[in-house]
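Following this message is one structure expressed as structure tokens.
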Amino acid sequence: MLIETLKALFERDLNKLKLEIESYQDESTIWVIDKNILNSGGNLCLHLIGNLNTYIGAEIGKTGYIRNRPLEFSLKDIPKSELIQKIENTILVVDNALSSLTEEDLEKNYPQIVFEKEMTTGFFLVHLSTHLAYHLGQINYHRRVLDLPK
């Protein structure tokens, strides 16, 4: 039951991420930072893609993905179309990885120590879903505040 719920939430929110990136009217605004907004929508998008491909794709799905977290916050001016393709690929990776799990797997400890303590795979997957939702809200705010009609 929890696996199907997580699959639905990740798919919903990753599709919403795709919609947010598609909704920027001025593609260059995706990479703008301003005043106290320290991360651009594009960098937050890259961060979410890296996070999910690391903790779900590589660890659970055994995709071989290798994360370069500093680049998630330093890369700039990646075309909107490339970000969208990365999101679409992440949707597939997450769905495939979660489909490989059983309910019993959720009760086992997640294979990595992430927050300096052990936690179940189920707990960590719920955390990853809320992390996605948190940054998705920031991207939505970034777009509405900074992507103004010219």
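The values are calculated or read from the model by the stated rules, or taken from the named source; none is laboratory data. Nothing here was measured: the structure is a model prediction, and the numbers come from that model. Backbone-built Cβ (ideal geometry, glycine too); neighbour counts: all protein chains shown. These accessible areas exclude ligands, DNA and RNA; they are computed on the full protein's heavy atoms, side chains included. Shrake-Rupley method; radii C 1.70, N 1.55, O 1.52, S 1.80 Å.
Please work out if Phe10 is open to solvent by less than 40 Å² (accessible area, probe 1.4 Å) and either at pLDDT below 95 or of a type outside the set (Val, Ile, Thr) (or both). Break it down stepwise before answering.
On the way: open to solvent by less than 40 Å² (accessible area, probe 1.4 Å): yes; either at pLDDT below 95 or of a type outside the set (Val, Ile, Thr) (or both): yes.
Spelling it out, Phe10 is indeed open to solvent by less than 40 Å² (accessible area, probe 1.4 Å) and either at pLDDT below 95 or of a type outside the set (Val, Ile, Thr) (or both).
For segment 15-45, enumerate the residues that are crowded, with 22+ Cβ neighbours inside 10 Å and either within 30 Å of Thr102 (Cα to Cα) or in contact with an Asp or Glu (Cβ under 6 Å, 6 or more places away or on another chain) (or both).
Leu17, Cys45
If you don't mind, another one. For Lys80, work out the one condition from (1) closer than 23 Å to Tyr141 by Cα; (2) within 15 Å of the chain's Cα centre (by Cα); (3) open to solvent by 20 Å² or more (accessible area, probe 1.4 Å); (4) in contact (Cβ under 8 Å) with a residue 12 or more places away in the chain it doesn't fulfil.
It is condition (2) that Lys80 fails.
So, in segment 31-66, how many residues would count as being farther than 14 Å from Leu146 by Cβ and part of a loop (DSSP other than H, G, I, E, B)?
From segment 31-66, those farther than 14 Å from Leu146 by Cβ are 45-66; that's our starting set.
Then drop every residue that is not part of a loop (DSSP other than H, G, I, E, B), which leaves 59-66.
Qualifying residue count, segment 31-66: 8.
Could we say that Glu88 is open to solvent by 30 Å² or more (accessible area, probe 1.4 Å), free of Cβ contacts under 8 Å to residues at least 24 places away in the same chain and either on the phi < 0 side of the Ramachandran plot or not in a helix (DSSP H, G or I) (or both) here? Please lay out each step first, then the result.
On the way: open to solvent by 30 Å² or more (accessible area, probe 1.4 Å): yes; free of Cβ contacts under 8 Å to residues at least 24 places away in the same chain: no; either on the phi < 0 side of the Ramachandran plot or not in a helix (DSSP H, G or I) (or both): yes.
It is false that Glu88 is open to solvent by 30 Å² or more (accessible area, probe 1.4 Å), free of Cβ contacts under 8 Å to residues at least 24 places away in the same chain and either on the phi < 0 side of the Ramachandran plot or not in a helix (DSSP H, G or I) (or both).
Output yes when any residue across segment 106-126 is under 18 Å from Arg12 (Cβ atoms), modelled with pLDDT of 95 or more and assigned to a helix (DSSP H, G or I), and no when none is.
yes
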